[in-house]
Amino acid sequence: MEYLPSLQQEFDELKPSLFELLAEQQLSDLLPPSIRYILAVATHRHPRYLLRVLNSYDELYALLSLVVERYYLRTFGGSFTENFYSLKRERVLLTKNGEIPRAQIGAPGPVRDSLRLRSADVWKNLLVMVGIPYLKRKLDEGYDIHAAPHASLIASGGPRYDPSDDLPPHPSLKQRFLHAYKWFLRNVYPSVNAAYYFSILAFNLAYLFDNSKYSSPFLWLIGTRIRRLGSADHKAIAAALDPPSAPSSAGSPRSRPGSGLLGLLSPQNLYPQLLTSLRYFLPASIFALKFLEWWHASDFSRQLARKATEVLDLPAPVANGMVSPAERKRLAEEKRQQAEKKKAQQEHQDQDQNRTKQDPDSPRKSALKSCLKPRQPPVSATSYLPIFTVPLPPPDSDAASTCAICLNPLTNPTACQTGYVYCYVCIFHWLNGEHQRQLDFMSGEGAGAPWEDESACAEDAETPPSKGKSRHGQWESGKGRCPVTGRRVLGGTEGLRRVLI
C-alpha cells in the first residue's frame, strides 16, 4: 500500500504513506492519557501537592505542548512525534500541482529554505496541533457530563425532562452561557463531531489514492502538508544540534566568558538542550515499557529470584535452653505465685472440711443455694414479655441424639434455623404453639424449663412451686420461636429442614 501512488504517476520519495501518518497520529493521541495515568498514580501518593495539577491537567498539558511543539516546529520543521518518524511540515507552493521536481533535485537546500514554515505558519500549525485537540477533549468531556444518555440516567433516573435545565426567571450572563452551551452539546455537537470524523476519513482516502496533498482538512485550511526529511533537512538539523566549534588557542580572539561548561548550564542554553533531549526520551520510554511488560509476563524474573535465594547463607539456629536473667526472674515469680495460690486453695478446702464436721447439713444447703440461683429468660422485643424456652439435655445423657423438647431419642430429626435438632413432631407443634409442654406451662400445670430445675431443688427444700396459676399475659409461649434460644424462626414450619443421619 505504501507504493500505491507509484502505479498512477511518478513516485515521490518525499511523500509519506498514509500508514506512517496514521502511526504518528496514534502515538500523538496516546501521549495525553499516558501522562494523565502516571500523574494520577503519583497523586494517590502525594495528593496534597498534585491534586490541583491533576484537576487542571488539560490546561497544563496544552500549555506544555504549546512550548514543546513550537520549539520543534521552529528547529526541526515538524512536531515532536513527527520528528520521531522523520517527518516534517512545509508550505505548499501556489504553482501548478504545487511541485517543483527539478529544483527539488538540483537545489534541495534553497528549496528547503523557501518551503520551511514561517512565523505565521508556525502559529497556524500550533492552532491545529494544540488548540483543536484541546477543544475536542473539552467538548467530549462536556458532552459526557451534560448530554450523554448515561448522564440523564444517572442524574434523573432515566431519559426524562429535567426542569433544572430551564432558565430561571431573571438569568444572569453565566446562566445564559451555560444554557446555550448545554443546548449546543445536545443538539449541534453530535452533528459537528460526525462531520469532523467524516471529513478526516474523506481526506485520508483522497490522500491514499494520491488525489490530495493533504491528509487532514485542517492542513488544507492552513496550506501545510507533511513530507519526509530529505538530505538537506538532515544536514540542517545536524548543524543546528552540533555545538559551535571552540576557537584555536593560537592567533584567535579570546573566547567569551561563560562559553565553556558553565555556559551549557545557562538558561539560554539549558532550554533548547532540555527540549532536544525529548527526542531520546520517547524511544527510551517505549523500550522501558516493553521491557517491563516482558519482565512481568515471563517466568524469568521468578526463576532469577528463586536462584538468588538458593545461595543465601542462613545463620545457625539459636540453641535452646539459654534463658536471659530477666526471663529467669519472671519464671521464678510465676512459680512463687502459683505456689501461694495452691496453698490458699488447700487452706480453703481444710476450712470446708472442718465446717462439714461441725454442721452435716451444710453441703445440702450450699447445693440448694447454687440450685436456686435465678435464671433470666429471653425477653420479646415487641411485647417485652419473657419467652418460655427449654434447656438442652443434661451433659451426662446422649445430647446428640436426644430431643430437647420431649427429652426422648430423636424421631425423624429436623433442624431449626438456629442449628438445633429436634423431633419433627415436637418442633412442628412447638412452632404452631400447640405442644403439650407449652400448653401446660401457660395454664400453670407445669413449671417448664429452665425453671424445672428450680422445681427439683424446691422438692428437696420441701417448698414446691405454686401450680394452677395461668401465665397468659405474663409470658409468651414460644410460638414461632426456637425452643432453646427463643429466636424467631422465619417462615414458621416452612423453615424446617429434615436431617439425614
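The values are calculated or read from the model by the stated rules, or taken from the named source; none is laboratory data. Note that this is a predicted model, so its numbers are computed, not measured. Positions of Cβ are generated from backbone atoms using ideal geometry, with glycine treated the same way; all protein chains shown enter the neighbour counts. These area figures cover heavy atoms from the full protein model, side chains too; ligands, DNA and RNA do not enter into them. Shrake-Rupley method; radii C 1.70, N 1.55, O 1.52, S 1.80 Å.
Values computed for the structure shown
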| read-out | value |
| --- | --- |
| Any hit, the stretch 224-237, residues being modelled with pLDDT under 85, more than 30 Å from Glu13 (Cβ to Cβ), out of contact with any strand residue (DSSP E or B) (no Cβ under 9 Å at 6 or more places or on another chain) and open to solvent by 40 Å² or more (accessible area, probe 1.4 Å) | no |
| Residue, farthest from Lys469 (Cα to Cα), within the stretch 420-445, restricted to residues that are part of a loop (DSSP other than H, G, I, E, B) and either at pLDDT 85 or above or open to solvent by less than 20 Å² (accessible area, probe 1.4 Å) (or both) | Tyr420 |
| Residue that is modelled with the lowest pLDDT [pool: residues in the stretch 98-122 that are part of a helix (DSSP H, G or I) and surrounded by 14 or more Cβ atoms within 10 Å (Cβ to Cβ)] | Gln104 |
| Pair list, Cβ < 7 Å and 6+ apart or interchain, from the stretch 190-206 residues that are part of a helix (DSSP H, G or I) to residues that are of a type in the set (Ser, Thr, Tyr) | Ile200/Ser216; Phe203/Ser212; Phe203/Tyr214; Phe203/Ser215; Phe203/Ser216; Asn204/Ser215; Ala206/Ser212 |
| Every residue from the stretch 470-501 that is loosely packed, with under 12 Cβ neighbours inside 10 Å and in contact with a helix residue (DSSP H, G or I) (Cβ under 9 Å, 6 or more places away or on another chain) | Ser470, His472, Arg498, Ile501 |
| The stretch 20-79, residues that are buried (at least 16 other Cβ atoms within 10 Å of the Cβ) and outside any helix (DSSP H, G or I) | Phe76, Gly77, Gly78, Ser79 |
| Residues that are in contact with a strand residue (DSSP E or B) (Cβ under 7 Å, 6 or more places away or on another chain), farther than 12 Å from His429 by Cα and without any contact (Cβ under 8 Å) to a residue 60 or more places away in the chain, drawn from the stretch 469-497 | Arg488 |
